[in-house]
Amino acid sequence: MTKLLKFLFLFITGIILLYIYMPTINFGFTGLAALLIFLAIGWTLLNNPFTLIQGHNNTPTIKLNKLSKVPLILITITVIYMTIVPAITGWPIFHSERYRNLIGDVKPEANLSTHMLPISLDRIRVVDQALAELLGDKVLGSQSALGSQVTLGTFNIQKVNNDLYWVAPLLHSGFFKWRKNTEGTNGYVMVNACNERDVKLVQDINGKKIFIKYQPEAYFGDNLKRHLYFNGYWATGLTDYSFEIDDNGTPYWVVTRYKKTIGFNGEDAQGIVVLNAQTGEIKDYNISNAPAWIDRIQPGNFIEKQLNDWGEYVKGYWNFSNEGKLQITEDATLVYGEDNKAYWYTGLTSVGADESTVGFVLVDTRTKKTVWYKQSGATEYAAQNSAKGKVQEKGYSASQPIPYNINNIPTYVMTLKDQGGLVKMYAMVAIEDYTIVGVGNTLRETLMAYKNAFNQSGNKISTKSKTIKNLVKSIITRINGDVKNGNTYYYFSLKGENRIFIGSSQISNDFPITNIGDSVYITFENDNQDVTDVSTFTNKNIRTNNKTTSAK
């Protein structure tokens, strides 16, 4: 084979490998360097680097021929680029301050509850990603023809018209399924994060079919990453390929555009690339002008790394005593705070600490604005164990805790699931003190049990976190009991109050013997619920009669 043919062979091989692996061609990325090493080694092998000769006593011996200088120089340069250059340009010993400051300004605040708005029970997130996958598979299983053609992609949580949903695309289940459905897979699955019964397969919008043509499981030009790569993004760092829909239900792929700011490290989001999953249309946005329906620009793994670096290099690189060092407690969780904004949430704990935290962090998923709430509390893991301990005889597992503001008390809310992954109970755990726990078969029952546990806790939690109670003295106009899961709840209304109240005998023994027309004293908190839970309940008629009887 002549050198020209050998060169053409390697050139075509390189083009094919470039098409398949799509390395980012920019400083700080090693994909192209690895490809060049492979081609240089291939050129050397094609040019007969070894010769088999007859040695002493006719023994076959391998002789190393003179190697070409060009591939050797190329291999040497690329190896240096992939090993020595990253060590010099990104070694924390030289850049500890830059690593620490990558997260930006970390603003300290006092109380987490000031950021998390109060929420009604029907808006609490009770479906986690694992349950969403289970429910999504069930929907596909009910569509036998569809289930044999597609698989479910990754569920991402997002706000759609102010409702919280897990959304996942239908993806091709293999090469031949892609060849059969070149226009794309028909639709996506939506699971309401606040209601496990609200699961739907969306295959059309206003009578027009939806097709996910560009996706990770497609081939050749229909492949999501390849479509972006060969449409101008071959030199751009792209990550976090998330499937999202806008408020009209149109499917998109939202991809974070990033650069490496400290040599080969220091990944930092610069904007997003939005690709229409049906048409392939691409739009590029900076962080400041991204569409409002996009929930996240900052990848969770970037935020976790930057927070850990911020805590690691608090006193620079030379701090082997770990003085003042902090680390995150768990992987960042996507939550929603004030004004329905999305945030990455995690706890902060001292290096070497166990179940306690020194605060909690909320990072805006779009702008990366970071707030550190300096209040001690339980880690997510400790809260899960506390919730499971309440029903340890059942052997339930706990979902990832989600922080909420319950009566101005920062509270973890989670579900308790059986071995099949189905929700059996709910739990609320005070973040500041994980011994304050409420569990129940419904969220209403859980909330009442949690409030009861909190009211009995004394001064375990700082009074600055407590909600001011409202005192009402009035007359019962209606009252009735309702038995749920073996517990009796008393619903009642009062003269002059345009709301329904609820309580149980756990709060007061006066409930079972209270009648219409009785005068009562109650206290309650403005907790944004449709039905108001009472904190205390006293029947004045019963207490007065008891005193009169005792006097006689």
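The values are calculated or read from the model by the stated rules, or taken from the named source; none is laboratory data. Everything numeric here is computed off the predicted structure, so don't read it as measured data. Here Cβ is always computed from backbone atoms with ideal geometry, including for glycine, and neighbour counts include all displayed protein chains. Only protein heavy atoms, including side chains, enter the accessible area calculation; ligands, DNA and RNA are left aside. Shrake-Rupley method; radii C 1.70, N 1.55, O 1.52, S 1.80 Å.
Values computed for the structure shown
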| read-out | value |
| --- | --- |
| Number of the condition not met by residue 25 [criteria: (1) among the aliphatic types (A, V, I, L, M); (2) modelled with pLDDT of 90 or more; (3) part of a helix (DSSP H, G or I); (4) surrounded by 11 or more Cβ atoms within 10 Å (Cβ to Cβ)] | (3) |
| Criterion violated by residue 317 - all others in (1) more than 26 Å from residue 373 (Cβ to Cβ); (2) among the aromatic types (Phe, Trp, Tyr); (3) out of contact with any helix residue (DSSP H, G or I) (no Cβ under 6 Å at 6 or more places or on another chain) satisfied | (3) |
| Any hit, segment 267-280, residues being farther than 17 Å from residue 251 by Cα and touching a residue at least 60 places away in the same chain (Cβ under 8 Å) | yes |
| Pairs with Cβ under 8 Å, 6+ apart, first in segment 172-187 and open to solvent by 30 Å² or more (accessible area, probe 1.4 Å), second among the hydroxyl-bearing types (Ser, Thr, Tyr) | 173/148; 173/151; 175/219 |
| Some residue of segment 213-231 being in contact with a His (Cβ under 8 Å, 6 or more places away or on another chain) and open to solvent by 60 Å² or more (accessible area, probe 1.4 Å) | yes |
| Segment 237-287, subset basic (Lys, Arg) and closer than 18 Å to residue 98 by Cβ, residue most open to solvent (accessible area, probe 1.4 Å) | 259 |
| Meets criteria (at pLDDT below 95 and either not in a loop (DSSP other than H, G, I, E, B) or not charged (D, E, K, R) (or both)) for residue 292 | yes |
| In segment 467-493, the residues that are open to solvent by 30 Å² or more (accessible area, probe 1.4 Å), assigned to a strand (DSSP E or B) and under 21 Å from residue 446 (Cα atoms) | 480, 481, 482, 483, 484, 487, 488, 490, 491 |
| Some residue of segment 137-149 being open to solvent by less than 60 Å² (accessible area, probe 1.4 Å), modelled with pLDDT under 95 and not in a helix (DSSP H, G or I) | yes |
| Answer residue from segment 393-418, given it is within 24 Å of residue 373 (Cβ to Cβ) and of a type in the set (Phe, Trp, Tyr) and is modelled with the highest pLDDT among those | 412 |
| Selected residue (only one of 380, 304 is among the acidic types (Asp, Glu) and surrounded by 20 or more Cβ atoms within 10 Å (Cβ to Cβ)) | 380 |
| Test: residue in segment 177-193 that is closer than 24 Å to residue 135 by Cα, at pLDDT 95 or above, assigned to a strand (DSSP E or B) and in contact with a helix residue (DSSP H, G or I) (Cβ under 6 Å, 6 or more places away or on another chain) | yes |
| Filter result (open to solvent by 40 Å² or more (accessible area, probe 1.4 Å), assigned to a strand (DSSP E or B) and either touching a residue at least 24 places away in the same chain (Cβ under 8 Å) or not small (Gly, Ala, Ser) (or both)) within segment 395-447 | 424 |
| Evaluation of residue 513 against (1) in contact with a helix residue (DSSP H, G or I) (Cβ under 8 Å, 6 or more places away or on another chain); (2) at pLDDT below 85 (one fails), failing number | (2) |
| Exclusive hit being at pLDDT 90 or above and open to solvent by 50 Å² or more (accessible area, probe 1.4 Å), set 351, 314 | 314 |
| Candidate set from segment 88-103 (those that are open to solvent by less than 50 Å² (accessible area, probe 1.4 Å) and in a helix (DSSP H, G or I)); member that is farthest from residue 317 (Cα to Cα) | 89 |
| Whichever residue in segment 272-289 is at negative phi and part of a loop (DSSP other than H, G, I, E, B) and, among such residues, is nearest to the chain's Cα centre (by Cα) | 287 |
| Pairs where the first residue, in segment 232-254, is at positive phi and the second is among the hydroxyl-bearing types (Ser, Thr, Tyr) and modelled with pLDDT of 95 or more, C-beta under 7 Å, 6+ apart | 240/256 |
| Residue tally, condition touching a strand residue (DSSP E or B) at 6+ places or on another chain (Cβ under 8 Å) and under 22 Å from residue 205 (Cα atoms), over segment 227-282 | 20 |
| Identity of the residue in segment 120-132, over 17 Å from residue 416 (Cα atoms) and open to solvent by 30 Å² or more (accessible area, probe 1.4 Å), that ends up modelled with the highest pLDDT | 123 |
| Filter result (surrounded by 14 or more Cβ atoms within 10 Å (Cβ to Cβ) and either among the polar types (S, T, N, Q) or over 14 Å from residue 502 (Cβ atoms) (or both)) within segment 524-538 | 528, 529, 532, 535, 536, 538 |
| Flag for residue 200 being touching a residue at least 40 places away in the same chain (Cβ under 8 Å) and surrounded by 18 or more Cβ atoms within 10 Å (Cβ to Cβ) | no |
| Members of segment 494-521 that are in a loop (DSSP other than H, G, I, E, B), within 17 Å of residue 542 (Cα to Cα) and open to solvent by 90 Å² or more (accessible area, probe 1.4 Å) | 509, 515, 516 |
| Residue pairs meeting the criteria (Cβ under 7 Å; at least 6 apart or on separate chains; first free of Cβ contacts under 8 Å to residues at least 24 places away in the same chain and at negative phi, in segment 204-230; second crowded, with 20+ Cβ neighbours inside 10 Å and of a type outside the set (Phe, Trp, Tyr)) | 204/210; 221/227 |
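Condition check ((1) open to solvent by less than 10 Å² (accessible area, probe 1.4 Å); (2) in contact with a strand residue (DSSP E or B) (Cβ under 7 Å, 6 or more places away or on another chain); (3) on the phi < 0 side of the Ramachandran plot) across all residues:
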| site | (1), (2), (3) |
| --- | --- |
| 341 | no, yes, yes |
| 344 | no, yes, yes |
| 356 | no, yes, yes |
| 359 | yes, yes, no |
| 365 | yes, yes, yes |
| 368 | no, no, no |
| 371 | no, yes, yes |
| 376 | no, yes, yes |
| 393 | no, no, yes |
